[in-house]
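The values are calculated or read from the model by the stated rules, or taken from the named source; none is laboratory data. Just so we're clear, the structure is a prediction, and the values are computed from it rather than from any experiment. Here the Cβ positions follow ideal geometry from the backbone for every residue, glycine too, while neighbour counts run over all protein chains shown.
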Amino acid sequence: MKKICSLFLVMGVLFFVAKFLGIFEQKTTAEQTGSTQTTETKATSTTTSNRETFKQIKIGKEDTTLYADEELTTRLETINGGELTEYLSEAGDSYQIKTNAGTTGYLAKTAGTVLTQETQSQPTSLSDAVIVLDPGHGGEDVGALSNDEQVEEKTITLSTAKKIKAALEAEGATVYLTHETDDFIQLGEICTFSEEKSADVFISLHADSTEIANEATGITTYYYYERNEELAQTIADGFSELPLNSRGITYGNYQVLRENLQPAILVEMGYMNNDSDLAELVTDDYQEKFAESLTNSLIAYFNE
Ligand SMILES: [Zn+2]
């Protein structure tokens, strides 16, 4: 969408022509692959003292190479741009790091930035927790479409997010939405927002789509960092009581997860291009059940 914005500024007229032709009504690829165009998130330190700090190395915008040796000659593997890796040591022009995939190796100092974070203690009750909800898509970025192209993903994610916010607030949680109106927010800004609010849990909400209509059904819960797997599992377990089938949890290389310093998951709430999924997704009843499920799961998660 950043490219689209640039296009808008430079060639406004063409934008409207293109829009009229429906060129931009495709699901953004940034969501699928994780755009590496957005701005760096910056390290923040929360206010209170007496907390331990830990260092991470944030990989720059581009994918980069992990080496076996500190002279950076023997290639080991590729690390995703924007990934937060564990800092181990540094010498000369290289950092020794451990990647999210679990590999220890060396990285050129120019390929990453040191982030010093304070460890954030997890609340023991949802009522003490800060939850950031990210209604996927917005504005010109409509997300996926229903088979009849009448329903846009952004409408469902925003409407559901508001119901989740209300349900969580009723339990005393502090809740922020990355956007409360139909606006597009850059993926990098979403991560920064989550960090600024010191989210105890960040949840990005989406609805899926497949190449072929009515090919797939159900809810999928994604995590990027292994440390968020338990959170994802707790949330996914709760979905088993919903009318739509829970497809379980899986690793997902999404920018809003990869570049997020806070505990983060992404939920695809059902398939936009599955007629029976959509029939549920659009209803207040389903959205309220979804909000209730998420709330109960978060109560369990914080009480553990
Ligand atoms: Zn989406």
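Take SER159 and tell me if it is surrounded by fewer than 21 Cβ atoms within 10 Å (Cβ to Cβ) and within 16 Å of the ligand (Cβ to nearest atom). Yes; evaluated as a whole, the condition is true for this residue.
Are any of the residues in region 276-286 more than 19 Å from THR124 (Cα to Cα) and in contact with a Pro (Cβ under 7 Å, 6 or more places away or on another chain)?
Yes, there is a match, as at least one residue in region 276-286 is more than 19 Å from THR124 (Cα to Cα) and in contact with a Pro (Cβ under 7 Å, 6 or more places away or on another chain).
Looking at region 238-261 only, could you name the residues that are part of a helix (DSSP H, G or I) and aromatic (Phe, Trp, Tyr)? Selection gives PHE239 alone. Screening THR283 with (1) within 16 Å of the ligand (Cβ to nearest atom); (2) under 18 Å from PRO135 (Cα atoms) gives one miss only, at (1). Just one of (1) over 24 Å from ALA300 (Cβ atoms); (2) modelled with pLDDT of 95 or more; (3) within 15 Å of the ligand (Cβ to nearest atom) fails for GLU259. It is (3).
Scanning region 162-178 for residues that are part of a loop (DSSP other than H, G, I, E, B) and buried (at least 20 other Cβ atoms within 10 Å of the Cβ) turns up ALA173, THR178. Please indicate, with yes or no, whether at least one residue in region 186-194 is within 16 Å of the ligand (Cβ to nearest atom), over 10 Å from the mean Cα position of the chain (by Cα) and either over 22 Å from SER125 (Cβ atoms) or in contact (Cβ under 8 Å) with a residue 60 or more places away in the chain (or both). Yes, region 186-194 contains at least one residue that is within 16 Å of the ligand (Cβ to nearest atom), over 10 Å from the mean Cα position of the chain (by Cα) and either over 22 Å from SER125 (Cβ atoms) or in contact (Cβ under 8 Å) with a residue 60 or more places away in the chain (or both).
Determine whether THR181 is surrounded by fewer than 15 Cβ atoms within 10 Å (Cβ to Cβ), at pLDDT 95 or above, of a type in the set (Ser, Thr, Tyr) and on the phi < 0 side of the Ramachandran plot.
Values: surrounded by fewer than 15 Cβ atoms within 10 Å (Cβ to Cβ): yes; at pLDDT 95 or above: yes; of a type in the set (Ser, Thr, Tyr): yes; on the phi < 0 side of the Ramachandran plot: yes.
Answer is yes for this residue.
Filtered by the rule that a residue be under 17 Å from ASN260 (Cα atoms) and free of Cβ contacts under 8 Å to residues at least 40 places away in the same chain, region 81-97 gives THR85, GLU86, TYR87.
When the criteria are applied in full, GLU211 fails the requirement of being outside any helix (DSSP H, G or I) and more than 16 Å from the ligand (Cβ to nearest atom). Selection of region 262-304 for residues being part of a loop (DSSP other than H, G, I, E, B) and either among the hydroxyl-bearing types (Ser, Thr, Tyr) or modelled with pLDDT of 95 or more (or both) yields GLN262, PRO263, MET272, ASN273, ASN274, VAL282, THR283.
Residues of region 99-141 that are of a type in the set (A, V, I, L, M) and not in a loop (DSSP other than H, G, I, E, B): LEU107, ALA108, ALA111, VAL114, LEU115, LEU126, VAL130, ILE131, VAL132, LEU133.
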